[in-house]
Each structure stands twice: as structure tokens, then as C-alpha cells.
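Below is one structure, written out as C-alpha cells; comments come after it.
The values are calculated or read from the model by the stated rules, or taken from the named source; none is laboratory data. All values derive from a computational prediction rather than experimental measurement. Cβ coordinates were reconstructed from backbone atoms using ideal geometry, including for glycine residues, and neighbour counts include every protein chain displayed. SASA here: full protein model, heavy atoms, side chains in, ligands and nucleic acids out. Shrake-Rupley method; radii C 1.70, N 1.55, O 1.52, S 1.80 Å.
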Amino acid sequence: MEGAKPLSGKRALVTGGARRIGRALALALAKAGANVAITYRGSTEEAEQTVSDLRELGVEAFAIACDVREEASVVSAVAQTVERLGGLDLLVNNAGAFETAALEEISVEQWDAMFETNTRGPFLVAKSAHAALKAVQGRIINIGSLGGIHPWATHAHYCTSKAALHMLSHTMAKAWAPQISVNCVAPGMIVTSEKVDAAYEHFAAKTPMQRNGKPEDVAAAVLFFATCPSFITGQLLAVDGGLGL
């Protein structure tokens, strides 16, 4: 229904919600009626702008500095969110890292850094939010990647960390049922700017839908998992225009 707000009164936390895909997810949840907290690490100005835009939608919104790699930072951010929102209904683990590197040139430090953000981060945030989500039969939506389903030769550490996140999502869904539903969205090539790039054109040509994805496409998938029956859990949904086929 036009004008309907299926998440009215719900309380959401979006990690890495200051810019790019995370910003689109936060705005989509707010448009659906949710009060939204976002975390950011270094994007202070972008976080402030996103919070301003969220509040213009008539919802409560605020930003919290948080490094998802650090347990103390995560515990503090989740506690602040629960206190300020009065609880937590939805967690979107969006914060992530991406890097291109030849497999044989990836250092141990690069490998570990990728897993710290892409796999350990969602684990720490979900673990910290578990009690609050369990109390209200809440939901977790992890943002994975097409790279976690299909191997990309120049992104081995990234692909492996996202594949691990996909398995973590399945494990969370099984371990925390029936109180919490857990699903995962795996975006393909998502373009977050108006920049024209030969690589973008290459991927668009390879994609059955003949275009690259937009942040709004990912947001639609997140909204689906945020509003669908909680009986739907443990699912991995690729948002890739058929690129992975």
C-alpha cells in the first residue's frame, strides 16, 4: 500500500551506515517507519549528513562512532543504541572492507584485516545485540557478497571472508531460532556513484539484466527480510541481476 510504513515504531541499527550502500539501507528503513541508529568509523561528516536526512523523514536517528573490529567499541555502540532507542528490533551488519590484490601477494596482515572487518565484525555486533533482539523476536540481516558465492581471482581474502560470513549467517539462524531470524543479502556489482568506468560497463554487459545494481536494489532485499514472515530464516539472497548465473 502506498504510504504504508511496515516498520513503524521498529528500532534498527545499521553498521557502516554513513555512506554508500549503508546509507541507502538506513534511508530505506527510515522511509518504512523505523527509527535508525547508524555506526561509522571515519566518515564523520557523511554520518552527520545521513542522520540529518534520516530525521527529515520523521524518525528518530543518530550516529555512533564504532570500530566493528574492536569488541569494546562494539559493546558500547550496541548498548548506546539499545538505551537511546529503548530496545532493538533489527540489526543490519553492513560495515565491510574491500580490496583488490593478487592472491600470491596478499600479506598475512591484509588477510587478517579483511576477516577482522567482514567476518569478526558481524559476529561481534550480533553477539552484543543478541539479548536485545531475543527479547523482542528480532531480526539480523548480514550483507554478504556475490564474491562469497563465486571466486574472484584478485579478491581471495575478500571472497573468503564473505563466504565465511554467509556460513556465519546460516549458523546464527540455526543457533538463535526461534527467537531471532537471520538472513543474508549478497550484492553483486553495485555502483554507488555517477562515475562512468570501463569496468562498470564490462560488468553491465555480462549481467543478464544488462545493468549494474544500485544501492536501492540492495535496500529492497533488506526491506524484504525486515518485513517478511520470521519463518523465513537462514536464507542467502543474491542481488546481482543474474551476474552469478
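Observations
- From the C-alpha gyration tensor of region 1-102, square roots of 5λ in Å: 23, 16, 12
- Annotation: average projected area of region 66-173 is 6.7 square nanometres, based on the convex hull of Cα atoms across all directions.
- Between the Cα long axis of helix 71-85 and the first principal axis of the chain there is an angle of about 40°, rounded to the nearest 10.
- Distance from region 184-245 to region 1-66 (C-alpha centre basis), Å: 20 Å
- Share of pairwise Cα separations in region 188-231, more than 18 Å, in percent: 39 percent
- Summarising the amide proton neighbourhood of Val182: residues at separation of 5 or more, or on other chains, whose placed amide H is nearer than 5 Å comprise Ile140, Gly234.
- The residues of the chain have, on average, 49 Å² of accessible surface per residue, using a 1.4 Å probe with all protein chains present.
- Helix 20-31 and the longest principal axis of the Cα set of the chain meet at an angle near 30°.
- Mean separation of Cα contacts under 8 Å, 6 or more apart, over the residue count of region 11-239: relative contact order %: 19 percent
- Surface composition of the chain: carbon plus sulfur atoms contribute 54% of the solvent-accessible area (1.4 Å probe, protein chains only, all chains present).
- 0 to 90° range, to nearest 10: angle between helix 44-55 axis and the chain longest Cα axis: 50 degrees
- In this simple spin-label model, placing a label point 7 Å from the Cα along the Cα-to-Cβ direction at both Phe224 and Lys174 gives a separation of 2.4 nm.
- Applying 1/(1 + (r/R0)^6) with r as the Cβ-Cβ distance of Lys134 and Gln210 and R0 = 41 angstrom yields a FRET efficiency of 0.40.
- Selection of GluC sites (Glu not before Pro), region 149-245, meeting DSSP coil and at most 12 other Cβ within 10 Å: Glu194
- Spatially proximal lysines relative to Lys5 (Cα-Cα < 21 Å; intrachain offsets below 8 disregarded): Lys31
- When only Cα pairs below 8 angstrom with a gap of at least 6 residues are kept, region 146-226 shows a relative contact order of 23 percent.
- Shown here: region 167-245, whose C-alpha atoms stretch 46, 21, 17 Å along the first, second and third principal axes, sorted largest to smallest.
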